[in-house]
Structure formats: structure tokens, C-alpha cells
1. What's the total number of residues in the stretch A:346-375 that are farther than 30 Å from residue A:6 by Cβ, in contact with a helix residue (DSSP H, G or I) (Cβ under 7 Å, 6 or more places away or on another chain) and β-branched (Val, Ile, Thr)?
2. So which residues in the stretch A:1-38 are over 29 Å from residue A:109 (Cβ atoms), buried (at least 16 other Cβ atoms within 10 Å of the Cβ) and among the hydrophobic types (A, V, I, L, M, F, W, C)?
3. If a residue must be outside any helix (DSSP H, G or I) and either touching a helix residue (DSSP H, G or I) at 6+ places or on another chain (Cβ under 6 Å) or of a type in the set (S, T, N, Q) (or both), how many such residues does the stretch A:65-85 contain?
4. For residue B:63, state whether it is in contact (Cβ under 8 Å) with a residue 24 or more places away in the chain and touching an Asp or Glu at 6+ places or on another chain (Cβ under 7 Å).
5. Residue pairs, Cβ under 8 Å, 6 or more apart or interchain, first in the stretch B:88-115 and within 9 Å of chain A (Cβ to nearest Cβ), second assigned to a helix (DSSP H, G or I) and small (Gly, Ala, Ser). List them.
6. Are any residues in the stretch A:345-370 surrounded by fewer than 19 Cβ atoms within 10 Å (Cβ to Cβ), within 12 Å of chain B (Cβ to nearest Cβ) and of a type outside the set (Gly, Ala, Ser), and if so, which ones?
7. So, of the residues in the stretch B:163-184 that are crowded, with 24+ Cβ neighbours inside 10 Å and in a loop (DSSP other than H, G, I, E, B), which turns out to be nearest to the chain's Cα centre (by Cα)?
Amino acid sequence: MIENALTGSKRYWTWVGFLLVVIFIGFLFYLRQFHEGLGITGLSRDITWGFYIAQLTFLVGVAASAVMVVLPYYLHNYKAFGKITILGEFLAIGSVVMCVLFVVVDLGQPFRAFNLFLYPTPNSMLFWDTIVLSGYLILNALISVVTLSAERKGIAPPNWIRPVIIFSIPWAVSIHTVTAFLYAGLGARPFWMTAVLAPRFLASAFAAGPALLILLCLLLRKITKFNAGDEPIRKLSVIVTYAMIVNVFLVLMEFFTAFYSSIPEHTAHFKYMYFGLDGKANLVPWMWTSVVLSIAALALLIVPKWRRNFKLLTVACFAVFIGLWIDKGLGLIVTGFVPTVLGEVVEYAPTFPEIMITIAIYAVGALIVTVFYKVALTVRGEIIYDRIKPGAKPQSVETIGS
Amino acid sequence: MGIDRRGFLKVSGLTVLGIASGKASETFASSDSHGHTSDGTTKRYAMVIDLQLCKEQEGCTDCVNACHHVHNVPEFDNRKDEVKWIWKDSFHHAFHEQEHHYLDKDIVNHPVLLLCNHCDNPPCVQVCPTKATFKRESDGIVMMDWHRCIGCRYCVVACPYGSRSFNWRDPRPHIEEVVDDFPTRTRGVVEKCTFCEERIFEGRPPACVEACKHGAMAFGDLEDPESRVRELLRDRFSIRRKPALGTEPEVYYLV
């Protein structure tokens, strides 16, 4: 099956080659970080988690969101998602791999990572996060391989896979809940000490993940013969709409409790995020960009006429994805540290090597998704062909049914 | 359908229960191993710092120097990479939740000594995924195994007192004079004050207490009613940092 990834158009290989170059450059920067220590990042004694851990947090959401196609399809028998369920599962695999890589590059002693398993410590949420993330990776890999091989042979998937799929649904919820628990149980960090953190993580995940899936479906429709069809995309856009509304609602709840109580240690973080504190305001332009994008996205999604227009839907999905990336991938983690536990306002910005390593990990994710989508679509006979060269021949599909 | 919705709800409910019970058993376990047991064999070490005596010695850093010297703590010239076990910080930073406008300026304008509080309920120990940091039940000292630490820095995030430092770079080139009888650390691990457990073992007081010529620091066993720390806490009014968090810090400040 995987051999389908080794044949492809020029465009396919150019894209794969580009990703490999990006990964290689990032790897060189990682070697430098490995050699010199995390001192080459913008992290400090005061702001000890930053860009890497924030990406982990955001991508756990993207991974968990696969449940938004798996659940309607397998639990409610919503047939329209049949074509894209595998795309959701592969997106989840790519995301979880990125999550694991972001944890590894953030470790001071990566070669000791196995101490997590040698000395299992159930009172640490990081231990549970490792368990749920690796479990989710195994579940999705198993499910997608089994269902896709069955499809390739033209037979129904074996019966035993069904309970595994059903099991993966609550498991998907658990990965983002446990990731929220990493933060939400720390008395030292009042900004994260909120019971709505896990629900908020899930809501934002169920908006950002399906938004990305819509964008990928529309992209595949453009550059390949694969057409997910209008109905599943419309259904996904409704899911994005509701999830985004719930997410914005929960953020507003946070504002209310912080500012109505006006407890300084709660308001200070929000003030830093949106207005700056002590003249320090690195995040302010980003956070307002996120606010504008979220409002624009909500408008485009809530009005049915606009939501059904695929051009506007594309804009809305970009706005949702980028808006939520800023919120979770930039704002949420760093702001937990500003002000510090000593009440000081210290700022953080990722350094160039840190950004290059981050981009490289995203490239690994993109490569995984590209290769797996290529395999899945070829198995399904939705042949990828090159639209740049007019008259380019579709590739062979001899693997189908062989 | 192999599994219906009811079955699905059962599975998801059991998953949540499993995770919650793991956590709950830990919580109950820690509540009965509280440190303050009085069977006569366990100790509970604590530090008492006299802010009045300390503030009289403007600019004195004897305790900091002594500690950082005997423990091979590196000196970085930038704040970002800083490693510190004990340091002087403003009253505002040390007690920012207990401030008001009319406090004695004499107290407020003088720095406060900060170090690991060796909490009874240490959040750093709770979050460590490898047990690289742990609380010794025999004397309450919060210890670290620098060889087991994976450098995830979860403990740094969880500590409400900013007492933990991470080695962002190789510390060795930044140690002025390496002391042979104490290990140096490597980059990528967390470190902090250990109440000089290596000196206590030999019956000596912690290096900072020994170095303080002004008697502003006292160290001892809270389980012993006759100890100097118990005497000071009986006779004088004392405060602790962020007591509302329930961490039960064991560094007390006399005001």
C-alpha cells in the first residue's frame, strides 16, 4: 500500500522535496540546540515554556478533531462522511506525531525521555498526556491501516475494528482534556486555573481541526480528482460554526469572571494579553488580530448564504484556523507566565533557531499528511495528476484491487 | 451496529473513571503522609529568616555567596540563563499579595531572601513525571535527582515561588571556582536549594545559615519543641509566602 507514495507527479515530488529541505534545515538547527542547550531559544528562567509547548497544545486539538468526522460516521451512521473519515484520521496521525516531536525538542535531556516509562508517575499530568497521546497515535494508525487495506481489497473491514473505532471517540476527547489538565491544575498559574480550560480547548479544537479539514478537501478538489462532495463540506462547516461560537462564548466567560471579580492575579494576565502591562506589549497586536479574525469568521459562518459559498467558506476557515492558532499557539501558554509568580512582567519571543525548528516539525506533519493522503487517494482510485502541465497523463492505478 | 450508543457511553464513562481514580488515590495517599507526624523518628526541617536583622545589613550577600560557592552554582551575566538557589529580591516580589500602601517603608524597601520553601505539599513533586524531584519523608526536604531529570521544566512551571532554575546552557564554564566535593550539573536539568542535605547529614548547619554573621537565619527541626526555630516562631510574628495555596512552605519570615 505504502508503495503508492513512491510514484507521483512532478508537482508531488517538488512538494515532497521542498518539505524534506525544510526538515533538513530545521534538523541542523536542532543539532545546534542539542549541542548548546535550550539557551538558544527565547525561553528563560521566568518564561520556561513557550513556542514549542504552545504548538503541542494547538496540535493536540487538531488531532482530537478527527473525532468530528469519526463520530457522525461510525456512531450516527452519517454516510456522507465516509469519503473523508480516512482524511481526518490521517490528519490526526500527522498532528500527534508533531505533538510528540514538539515535546521532544522541548526536553533538556531528550535521551532520558524514556524515564517517563521507566519511572511511571501517575500523579503527573505529563505522564497521562504521554499515555493518551501515544495511545491515540496507535489507535488511529491501526484503524486507518485496517480500514484502508480492507477497502483496497474491496472487502468490508473486519468486525473487531468497530469497537476499536468506537473506543477512539472518547479517547480523542481525553487527549485534549488531559492536555488542558497539564495547565489547569497549577495553583502557581492563576491564568490557567480555570475549569473551562478543557472545554475551551475542545471547542477551539473542534473549530480549528474541521476548518483545516475543509481547506484540505477544497485543496484536494483543486489539485486532484478527489472530490469530497459538497454535503460533507457543508456539514463540516456547520460543525466549525457551532464549535467556534462555543469557543468564543467560553473566552467571554473568562473575561467576565476575571474582570467582574477584578482579582488582580486574574485580570493581570488578560491585561497583558490585550493591552500590555508596564509598557510591555509583545502579544497585543497578535491578540487583536486573533479577535478580528474570530469576529470575521463568525460573521461569515453564521450567515447561511455566506457559509454555503465555498469561496467565503475558504476565507472563514483560514480566519478560524489562524485566529485560533494565535490564541493557543502564541497567547495562551506564554501569558500564563506574564506576570511571573513573583509579579514581574517579563517578555518572551521565540528566536530564529526556535522558529526554524518549529517550521521543520510542521513540515514533518505536512509530509506525513501528504504521503498518507497520496496513499489513501491512490487506493481509492482518485488519481493525483498534474494540472500544471496541460495534457499530463494520469498515473497508473494498477495497485487497485491487486 | 456492534456497539450502540449506550455501550459507547459506558466505555467513555469507564475511561474517565479510570483516569480520575488514579489521581484520587494519589491525593488521598499524600494527605496521610503529611510530614508533621510526631512518632519521634521523622524530622521536619524549616528555616526562619529575621527580616529585621537581615535588612540592617544593606548589600550583604554572604549567605548567597556561600551557598552558590559550595554548590557550584554557575554565574551567568544575563537574566535569561540565570541559575540561583538563594537570592535577594524586593519585598514587593516576595510578598506581592500581602502588600498595602501604609506598610512600614523600612521593611518594604529592603530586599528579602528567597529560596526553596521545601513545602509540605510541594507542587513540583506532584507534577514531576519521573520522580526526579521528591520529598524525603524522613525530614521533609524536597530533593532532586539530577541524573533522572529529563528537563521538561514542569516543576519550574508549577512552583509558585520561582525557586527552581533550569540549566539553559552548560553551567561548568560559568562556575568561578569548582568545589570538588559537590557535583556540578549538566545542561538541560533543573536544580534548586536542597537545604544543604549533604551538610545536615554531617551534623552541620546549611551553608547560608553558617555564613550569616548577623544571626538573621535559623535552621532546625519543627518536630522538636525545644529547637531554635520553634522558639522563634513562638515568640515572634511570622509570615510565609502565598500561604493560601496550601503548599505549606517551611521557610518563615519574622517581621
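1. Total satisfying the criteria: 1.
2. Hits for the stretch A:1-38 are A:5, A:15, A:16.
3. Residues meeting the conditions: 5.
4. Spelling it out, it is not the case that residue B:63 is in contact (Cβ under 8 Å) with a residue 24 or more places away in the chain and touching an Asp or Glu at 6+ places or on another chain (Cβ under 7 Å).
5. Within 8 Å, the pairs are B:97/B:244; B:114/B:94.
6. Of everything in the stretch A:345-370, those that are surrounded by fewer than 19 Cβ atoms within 10 Å (Cβ to Cβ), within 12 Å of chain B (Cβ to nearest Cβ) and of a type outside the set (Gly, Ala, Ser) turn out to be A:345, A:346, A:351.
7. Looking at residues that are crowded, with 24+ Cβ neighbours inside 10 Å and in a loop (DSSP other than H, G, I, E, B), I get B:163.
Matching residues to (1) within 16 Å of the chain's Cα centre (by Cα); (2) modelled with pLDDT of 95 or more:
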| position | (1), (2) |
| --- | --- |
| A:65 | yes, no |
| A:68 | yes, no |
| A:82 | no, no |
| A:103 | yes, yes |
| A:114 | no, no |
| A:120 | no, no |
| A:162 | no, no |
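The values are calculated or read from the model by the stated rules, or taken from the named source; none is laboratory data. This one's a predicted model, so the numbers in the text were calculated from it and none came from an experiment. All Cβ positions, glycine included, derive from the backbone under ideal geometry; neighbour counts span all protein chains shown.
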